[in-house]
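Take a look at the structure below.
The values are calculated or read from the model by the stated rules, or taken from the named source; none is laboratory data. What you see is a predicted model; the values in this text were computed from it and never measured. Cβ placement follows ideal geometry from the backbone for every residue including glycine, while neighbour counts extend to all protein chains displayed.
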Amino acid sequence: MQGKMIKPSSSTPNQTNWQSIFQPEGYNMSYGMMEQDQKNKISHRYKALMLFVDYLYKTDQTIAIKRSKYNICLNKYMKHSYEIFVYLDNLYQ
């Protein structure tokens, strides 16, 4: 992801986080101020996850993921199911 370092504003939610000082190219706000759907449009992790889900869909594969309180099963019938459970619960926070 291309962008530049910026001075954090007082309205940035998490002043100590790298997201408050990084402005992605083509946007006029820090990464930390962006809504989750905006971040997903440029996130390499999200794009990779969607490519993986497409692969599962095209090859009729199923995968089960167990992480903390979530048991997730992805298959061709669940394509992009609720944006893959809100992007795997924001990558487990």
Exercise. Which ranges mark the helices (runs of 4 or more DSSP H) fully within the range 3-93 that have 1 or more residues being at positive phi and modelled with pLDDT under 80?
Worked result: 82-91
Exercise. Limited to the range 35-58, what total is found for residues that are surrounded by fewer than 16 Cβ atoms within 10 Å (Cβ to Cβ), hydrophobic (A, V, I, L, M, F, W, C) and either over 16 Å from Met1 (Cα atoms) or touching a residue at least 40 places away in the same chain (Cβ under 8 Å) (or both)?
Worked result: 2
